[in-house]
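Visitor: Take this structure first; my questions come after.
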Ligand code: SF4
């Protein structure tokens, strides 16, 4: 028999751990009979359909999430036309909470696996296999298998509820890490979350289950030995059990291979001193943290059952950021109860002041099965009927304001999260009443100039920011030009000189002397000792500045004497990827 497990991921670098876990849990003896097919939402539907058809499965199961359900619904219907009689099963959070409704609407679906799927799939697979061997149909007869909603005798039936699995019964998924080269490795050391945020599906299962810590260490060592590029822990709140988190952090710190990066989602206001200390000692780039702030409005936080100690949270993020070795990603959600446009602006400014490497401005998704789904009407929350069920308006935010926030989100992505303007933005901000107001005005500028339609290139964004700064900022043109020049050369060893950069043709001789002469260049660029001057010039860049543009957030008073800055692209900051700079008189 061939049972096909099909996943449609959001991006190529993603993988779907659910289908790998289902296959591995079913056991080695069935390995050859269970096939995995992964696609992305960017593949054409006709390509996916023809590939599914070519694989000639005896049964298929799709892994369903908000980002792929529309595609899977259409695909599965077309598949049922070209392979009549093929049992088509579904599983995943998007189909687990209204399974009967889905079966009523989608007459071609055989059944749905509800909730945690490993044991359910193993039993279902064995049922189908036996039925096929007996010459019967391998349709929807659920037998004694729990956790199913399926068709039986013209009716839709629901079998008993399945108990959560012991985390130690789950298999390790990455014995062949080469299969995941260039893709993110997802790893779970726990399932469930002790918190109850009303918009989140993880709040439904309150009990947290942990994998044995010694097993976790062995598996992490395997990934470290394989030099995996990135291991993303999918634990919902990684530090909810401090002792478990500490064991893992201590382990990866002690066994760091100099390459692998580990990603964790944590609750910052639950961090203790010991955890902060170990994080502060880690190699820059070993760990990155995602911290959901969601809102700084205390009324909002209380209403969504997510009370947080904001002061402790800000202090903690400040400590982590201060270490300069951990990449921090902070999340905000627009569309929550009691958060109007002005209040969201204040939440934005609070989070922005923490200066994360990434600030993700998301929009509320009203997920089936979450408490928010039940309460949406009470808050006047209207959301899209189809996935991703994203907020359109609330009692506190109009649709027009949501549209403005979407534009601001795009500005934050292009100008803040791109990390292209790390020295220009802090100076430009001072011309506005707040950072939120700056991004709001930048969005208006984009709209007036039609840039939202034209999607300016990465390089052209420097020119746009200069034009914006000259029309809305209060500093001198020369300062903005130097800041942008510094920012652009920090990231890129440009071949062609940007239009706003100063003409340095008068310094040619001086620069040539720097590379070929003995003017202390080896002290500055010791890593290039023994290299030809031309090679050194290729790996570095020299720029002249009248302002101390390298001082992020400091005074920008004109210097008495201009300074020379050398950008060294052979040595980049592992966290920010910015070139090393050396300032010379
Ligand atoms: S949002 Fe995070 S902390 Fe809240 S319930 Fe979900 S996983 Fe837990």
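Visitor: Considering only the range 235-255, state which residues are touching a helix residue (DSSP H, G or I) at 6+ places or on another chain (Cβ under 8 Å) and more than 16 Å from the ligand (Cβ to nearest atom).
Guide: Across the range 235-255, the qualifying residues are 246, 247, 248, 249, 250, 251, 252, 253, 255.
Visitor: Condition (residue is closer than 16 Å to residue 348 by Cα, touching a strand residue (DSSP E or B) at 6+ places or on another chain (Cβ under 9 Å) and either in a helix (DSSP H, G or I) or in the same structural domain as residue 573 (by TED's automatic domain parsing) (or both)) applied to the range 415-430: is it met by at least one residue?
Guide: yes
Visitor: Mind listing whichever residues of the range 256-290 are under 21 Å from residue 359 (Cα atoms), part of a loop (DSSP other than H, G, I, E, B) and either away from the ligand (no atom under 16 Å from the Cβ) or free of Cβ contacts under 8 Å to residues at least 60 places away in the same chain (or both)?
Guide: Within the range 256-290, 271, 284, 285, 286 qualify.
Each row is one residue, and each column tells you yes or no for (1) modelled with pLDDT under 95; (2) touching a strand residue (DSSP E or B) at 6+ places or on another chain (Cβ under 9 Å).
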site	(1), (2)
15	yes, yes
20	no, yes
36	no, yes
47	no, yes
51	no, yes
57	no, yes
65	no, yes
70	no, no
99	no, yes
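Visitor: Answer yes or no as to whether residue 232 is away from the ligand (no atom under 12 Å from the Cβ), closer than 20 Å to residue 327 by Cα, free of Cβ contacts under 8 Å to residues at least 60 places away in the same chain and within 21 Å of the chain's Cα centre (by Cα).
Guide: It is true that residue 232 is away from the ligand (no atom under 12 Å from the Cβ), closer than 20 Å to residue 327 by Cα, free of Cβ contacts under 8 Å to residues at least 60 places away in the same chain and within 21 Å of the chain's Cα centre (by Cα).
Visitor: Could you list, in sequence order, all residues of the range 65-97 that are outside any helix (DSSP H, G or I) and more than 19 Å from residue 152 (Cβ to Cβ)? Spell out how you get there, then give the answer.
Guide: Going residue by residue through the range 65-97, those that are outside any helix (DSSP H, G or I) are 65-68, 83-92, 97.
65, 66, 67, 68, 83, 84, 92, 97, listed by residue number.
Visitor: Hey, can you tell me all the residues within the range 194-207 that are within 7 Å of the ligand (Cβ to nearest atom), more than 19 Å from the chain's Cα centre (by Cα) and within 25 Å of residue 15 (Cα to Cα)?
Guide: 203
Visitor: Now for a separate question. Can you list residue pairs whose Cβ atoms sit under 6 Å apart, with the first residue in the range 291-303 being farther than 17 Å from residue 239 by Cβ and in the same structural domain as residue 347 (by TED's automatic domain parsing) and the second being modelled with pLDDT under 95 and within 14 Å of the ligand (Cβ to nearest atom)? Count only pairs 6 or more apart in sequence or on different chains.
Guide: Short answer, once both residue conditions are applied: 301/307; 301/308.
Visitor: Determine whether residue 38 is farther than 24 Å from residue 147 by Cα, part of a strand (DSSP E or B) and without any contact (Cβ under 8 Å) to a residue 60 or more places away in the chain. Give the steps one after another, and end with the answer.
Guide: Numbers: farther than 24 Å from residue 147 by Cα: yes; part of a strand (DSSP E or B): yes; without any contact (Cβ under 8 Å) to a residue 60 or more places away in the chain: yes.
For residue 38, the condition - farther than 24 Å from residue 147 by Cα, part of a strand (DSSP E or B) and without any contact (Cβ under 8 Å) to a residue 60 or more places away in the chain - is met.
The values are calculated or read from the model by the stated rules, or taken from the named source; none is laboratory data. Keep in mind the model is a prediction, meaning the values are calculated, not measured. Cβ coordinates were reconstructed from backbone atoms using ideal geometry, including for glycine residues, and neighbour counts include every protein chain displayed.
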